[in-house]
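Please treat every number below as a calculation from the coordinates, not as lab data. These numbers were taken from a predicted model, which means no experiment stands behind them. Here Cβ is always computed from backbone atoms with ideal geometry, including for glycine, and neighbour counts include all displayed protein chains.
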Amino acid sequence: MIPKTIHCIWFGGNEFPALEKKCIESWKKNLPEYEIIYWNESNYNNTDPSYIKALKNKKWAYCSDVARLDLLYKYGGIYLDTDMEVTKSLSRFLDNECFLGKESERYINAAIIGAEKNNDFIAACLDAVLESMRSDFIPIPKIMNEVYKKNSFKINVYERDFFYPYNPFAYPVKNLMFSDITPNTHAIHHWNYSWKPSIPERIFNKVKRTLFKKTSKA
């Protein structure tokens, strides 16, 4: 059974923006019996060289990707992105060994992840994230989708309306509509994309991928 623990990760030392503050308040309101643990670079430690390099270079998105999976594997619980608004209790999902939600018909997302301690799927995703960090930044949802497709793990993937009732990057309407909310909706991801690399970083990563492919073929 998944423990009633919420893992909140916020690297960089900045104050929570207004949206994130309201989302965290929704956790407290709708999950009063849950323990919320706040993690940052001062109380989370990882000795993997890729993580240490990311931490040194202040690549907070990399650090968060590693931390969420590592913490879920070690302790179990529910990880929530700070822009995830909780609208109902999440206790109905605690009987799962691991659960996630679809952001579209084809893809799962990583803004909410629930898992028991020592879960095999979480371990496989953590290994894949650390491996990707040695060469490139690949967003964690993409990595988790690949791990999910290639292996047979006992996880429950909930339909889009449970946690991602709208997606401004995949559908014509870019805003949340009242009609998007269904009786199944337990949380709403607000797509703040705080993990997204800057434009120079994205250009650098693209060039690095191209050079890596050419070198591999040589």
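A Gaussian network model of the chain, with springs between Cα atoms under 10 Å, assigns the largest mean-square fluctuation among Tyr171, Tyr158, Tyr79 to Tyr171. Sorting 144-153, 40-49 by their mean Cβ neighbour count within 10 Å, with the most densely packed peptide first, gives 144-153, 40-49. Of all beta bridges that DSSP places with both ends in the chain, some 50 percent have antiparallel geometry.
Mean projection of the Cα convex hull over all viewing directions, computed for the range 1-50: 5.0 nm².
Restriction of the trypsin sites (Lys or Arg not before Pro) in the range 56-142 to DSSP coil positions whose beta-carbon has at most 11 other beta-carbons within 10 angstrom yields Arg106, Arg134.
Of all aspartates and glutamates in the structure, those lying under 18 Å Cα to Cα from Lys29, and not within fewer than 8 positions of it along the same chain, are Glu20, Asp81, Asp83, Glu85. Compute the Cα gyration tensor for the range 5-217, then decide on rounded, prolate or oblate, letting a ≥ b ≥ c be the square roots of its eigenvalues: rounded whenever a/c is under 1.5, prolate when a/b is larger than b/c in the other cases, and oblate in all that remain. Rounded is the answer for the range 5-217, as its axis ratio a/c remains below 1.5. With neighbours defined as other Cβ atoms within 10 Å of a residue's Cβ, the residues Glu20, Glu25 order from fewest to most as Glu25, Glu20. Taking every alpha-carbon pair under 8 Å whose residues sit at least 6 apart, the chain reaches a relative contact order of 22 percent.
Residues considered: Glu35, Glu15, Glu103. Largest GNM mean-square fluctuation over the chain, using C-alpha springs under 10 Å, is found at Glu15. The ranking of Asp180, Asp127, Asp70, Asp65 from fewest to most other beta carbons within 10 Å of each one's beta carbon is Asp127, Asp180, Asp70, Asp65.
The slack in the chain from Thr47 to Ser179, taken as 0.36 nm per residue of separation less the alpha-carbon distance, amounts to 42.9 nm. Adding -39500 (n - 2.57) for every DSSP H run of four residues or longer, then dividing by how many residues the chain holds, sets the calculated 222 nm ellipticity at -12000 deg cm²/dmol.
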